[in-house]
Each structure stands twice: as structure tokens, then as C-alpha cells.
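The structure appears right after this line, and notes come after that.
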Amino acid sequence: MTFSSWIHLITTVLYAAATVAVAAYYIPRARRESDPTRRLEQAARAMKIYDPFCIAVLGVIIMTGAFSLTAYKEALRERFFEAMGVVLLWKLLATFVLIIFGTYMAFGLGNRLVGRVELGEEPDPKWIDSMLTRIQVVAIVSLVLLAAIVWIATAL
Ligand code: HEM
């Protein structure tokens, strides 16, 4: 395995671990807070770290994947598409959908929680609970997509 393949694999594991931690630990822990202000603060504290981390890690996964792909293209030349075309197409399609969910979780949900805390606005318990539910649902969909991508990747 090349250096970029190792980074590709390690960042995949890091992204999976961070997303599982948010869905299975940090959001459930915030939900247990009876005071809405503390519930919002706890969730926002976790997302303030997760948001930039997940965007950076997804970026590194794609860059290292592209590096590895270049090596395959050089080695396989005219046989590249016949050997990897269809599998790669499915992998890139699933990756594209994962990026949409990943950026929505970071910018569309996490950043809004952080913004609400930083603006010091009065938290609406109903809004907080719906945001926490959306974060958990999007995290679970992202993990299912990630599992599908890894499964496709093993065929590569
Ligand atoms: C979030 C998106 C992605 C995930 C989770 C992911 C995951 C993986 C995993 C787990 C492997 C190792 C499979 C094995 O060794 O059996 C792999 C291999 C590979 N991936 Fe990705 N990948 C992603 C995106 C991409 C992208 C966007 C590209 C190309 C632009 C790419 C290109 C490759 C290549 C060429 C290999 C073979 C690497 C080698 O054996 O050296 N991947 N990927």
C-alpha cells in the first residue's frame, strides 16, 4: 500500500469514528440535559469541533483517493476504464452523495447550533430537539453511505 492509500484508509476510519461519536455519544448526552440552554451548549460544543474536523477529513479522503487513482491510471493506461470504470463510477457517485450529507451536517445543522449559542439567543426547546434529531439521522445516513463506499472500494 502506498503512503496515500494508508492516509486514505486512516482518514476513512477517523471520519467513521467521529461521526459515530457524535451520533451515539455527544448528541444523546446533550439530549439528557433537562435545561434547554445547557442542552444547546453541550451539542454546540461537540459540533464546533466535529464540523471543521469532518470537512477536513473528507477533503483528505478525496485528495488521497485521487492520488491513488492517478497511479492506477498510469499503470493500467487504456485498460483503466475496463478494469475500474463501473466500480469507480459507483464509488464516486456514493462519495458525492456522502459529501452532500457531510456538508449539510456541518454547515446546515452544526454551524447553526454553534451560531445560536454565540449569538446568545434564547433557545427554543422544540427547535433544539428537532436539530438534534436531524443531526443524528444525517449522521446515521452518512455512516450507511460510508459502509457502502467501503464495500465498493474493496471491489476496486
Ligand atoms: C468518502 C469517500 C471515500 C471512502 C470512504 C473511501 C474508502 C476507501 C477504502 C476503505 C479503500 C481501501 C479498499 C481496500 O483496500 O480494499 C479505498 C481504496 C481506494 N480508493 Fe477510496 N474512498 C473514498 C473516496 C475515494 C475517491 C473520491 C477516490 C478517487 C478520486 C478514491 C480512490 C480510491 C482508490 C484508487 C483506491 C485503491 C487504493 C489502493 O489500493 O492503493 N476513493 N477507498
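The values are calculated or read from the model by the stated rules, or taken from the named source; none is laboratory data. Only a predicted model underlies this, so the values are computations on that prediction, with no experimental measurement involved. Ideal geometry is used to build each Cβ from the backbone, glycine not excepted, and the neighbour counts take in all protein chains shown. Just so you know, the surface numbers come from the protein's heavy atoms only, side chains and all, with ligands and any DNA or RNA stripped out. Shrake-Rupley method; radii C 1.70, N 1.55, O 1.52, S 1.80 Å.
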Hey, what do the phi angles of region 126-136 turn into as Karplus ³J(HN,Hα) couplings, whole Hz, using 6.51/-1.76/1.60 and θ = phi - 60°, x for Gly and Pro?
5, 5, 4, 4, 5, 5, 5, 5, 4, 4, 5
Nearest 10 degrees is fine. How inclined is helix 36-76 to the longest principal axis of the chain, computing both from alpha carbons?
10 degrees
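Quick one: putting +1 on the C-beta of Lys and Arg, -1 on the C-beta of Asp and Glu, what dipole do you get for the chain around its Cα centre, in Debye to the nearest 20? Write out the running numbers ahead of the final one.
Working: 15 positive and 12 negative charges, 43 e Å.
With only Lys, Arg, Asp and Glu charged at Cβ, the dipole is about 200 debye.
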Among Phe67, Tyr26, Leu92 the positive-end extreme of the charge dipole of region 17-100 (Cβ point charges):
Tyr26
Carbon and sulfur %, accessible surface of region 75-156 computed with the full protein complex present, 1.4 Å
70 percent
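Heavy-atom accessible area per residue, the chain, 1.4 Å probe: how many Å²?
Values: 9070 Å² over 156 residues.
Each residue of the chain exposes 58 Å² on average to a 1.4 Å probe.
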The chain: angle of helix 80-103 to the longest principal axis, Cα-based, in degrees nearest 10
10 degrees
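So what is the calculated 222 nm ellipticity per residue for the chain, using -39500 (n - 2.57) for each DSSP H run with n of 4 or more, over all residues, to the nearest 500 deg cm²/dmol?
Details: 6 runs with 129 residues, N = 156.
Theoretical 222 nm ellipticity from helices: -29000 deg cm²/dmol.
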Using every alpha carbon pair in region 3-155, what percent of pairs falls into each 10 Å bin from 0 up to the bin containing the largest distance?
11, 38, 26, 15, 8, 3, 0
Using only protein heavy atoms and a 1.4 Å probe, report how much of Met63 is accessible, in Å² to the nearest 10.
110 Å²
